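Undergrad: First the structure, which I've put down as structure tokens, then a few questions once you've had a look.
The values are calculated or read from the model by the stated rules, or taken from the named source; none is laboratory data. Because the structure is predicted, anything quoted here is derived from the model rather than measured. Note that we place each Cβ from the backbone using ideal geometry, even for glycine, and neighbour counts take in every protein chain shown. Ligands, DNA and RNA are stripped out before the accessible areas are found, and what is left, the full protein with its side chains, is counted by its heavy atoms. Shrake-Rupley method; radii C 1.70, N 1.55, O 1.52, S 1.80 Å.
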Amino acid sequence: MRTVCAALLLAGITGWGARGETSQQRGKRVVDEALAALGGQAYLNMQNRVETGRIYSSYNDKVSGMAVDALYTDYLRRPDPPQPGFLGVRVRDARGRKPEQIVLKKQDDVILYVDGTGYEITFRGVRPLSDTVLQQFKAATLHSIFYILRECLGEPGLILDGRGADFFDNRPMEVVDIGDADNNTVTVYFDQLTKLPARQLYYRRDPIDNSKVEDVTIFNKYRDVGGGVMWPFTIRRERNGEKIFEMYSESVKINQDFKDSMFTLPQGLKLLQKEKQ
């Protein structure tokens, strides 16, 4: 009976959403509704964000590590007109300290992504990250629905294709394929009730053995982080069906007073050999 009811509800949702709409019109409508639910213009005007909380790394679906994390994201000025593939963020990821202990000193252990490259900074020195790590960071950023809504709408070649209705976590969803000029596609599940992103997935090739990799991210527990901007406080990532990462934010703040020094390599530290693959 539960299965029959779910099927009938899904059929009703599909019929309601499809009337008089092409797949691209439906995709645009759903994305526009999601942007409005995330805060609309306030979301688009978000200049930066800092997320603090606990992260858990997993291997073979078992927790392999835990750390306190402070993730600083700074949005760069978007080109006008928009340029496909533009990586419009710089990120500072500080782990292993309580939020109140995170200060900008040489002994901080941080990962820094800036100007298309990345570094691990410790008391031993500055080590450039491997090409594999950088490729994964770029792919994760450009495929993130939150990045797409903030930076990519209006890009040449961007396609929003509404695939129809489905269920995820026992909730009705609208499913949209978002493709870019480089033929990259991310499939996003938007909650029918809240209009917010609940799940996304994309496929990529492993840079080492060229095997096909499925990356899935699940978003939950949205809260207003200021000015009507909504952000998920629980994020889980899966790779080829196995859980690899969870973040439980305790605090998310936007439009903070970030200094350029936060995203600049410290002076006087030894430059180490580049990280291997």
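Undergrad: Taking only the range 158-183 into account, find how many residues are open to solvent by less than 60 Å² (accessible area, probe 1.4 Å), not hydrophobic (A, V, I, L, M, F, W, C) and not in a strand (DSSP E or B).
TA: 1
Undergrad: May I pose another question? Being at pLDDT 95 or above and either more than 18 Å from the chain's Cα centre (by Cα) or among the basic types (Lys, Arg) (or both): is that true of Lys28 here? Don't jump to the end; show me each part of the working.
TA: On the way: at pLDDT 95 or above: yes; either more than 18 Å from the chain's Cα centre (by Cα) or among the basic types (Lys, Arg) (or both): yes.
Yes: the conditions hold for Lys28.
Undergrad: Out of the range 215-246, which residues are among the aliphatic types (A, V, I, L, M) and open to solvent by 30 Å² or more (accessible area, probe 1.4 Å)?
TA: Met230, Ile244
Undergrad: With Phe190, Phe233 as the choices, which residue is farther than 22 Å from Phe86 by Cβ and within 14 Å of the chain's Cα centre (by Cα)?
TA: Working: Phe190 fails: within 14 Å of the chain's Cα centre (by Cα).
Criteria check complete, one pass: Phe233.
Undergrad: Quick one: count up the residues across the range 190-216 that are of a type outside the set (D, E, K, R) and under 26 Å from Pro156 (Cβ atoms). Talk me through it step by step, then tell me what you get.
TA: Initially, the range 190-216 is screened for residues of a type outside the set (D, E, K, R), giving 190, 192-194, 196-198, 200-203, 207-208, 210-211, 213, 216.
Restricting the remaining residues to those that are under 26 Å from Pro156 (Cβ atoms) gives 190, 197, 200-203.
Adding up the residues that qualify gives 6.
Undergrad: Could you look through the range 184-214, keep only residues that are crowded, with 18+ Cβ neighbours inside 10 Å and touching a helix residue (DSSP H, G or I) at 6+ places or on another chain (Cβ under 6 Å), and pick out the one that is nearest to Asp131 (Cα to Cα)?
TA: Among those residues, the one meeting the criterion is Tyr202.
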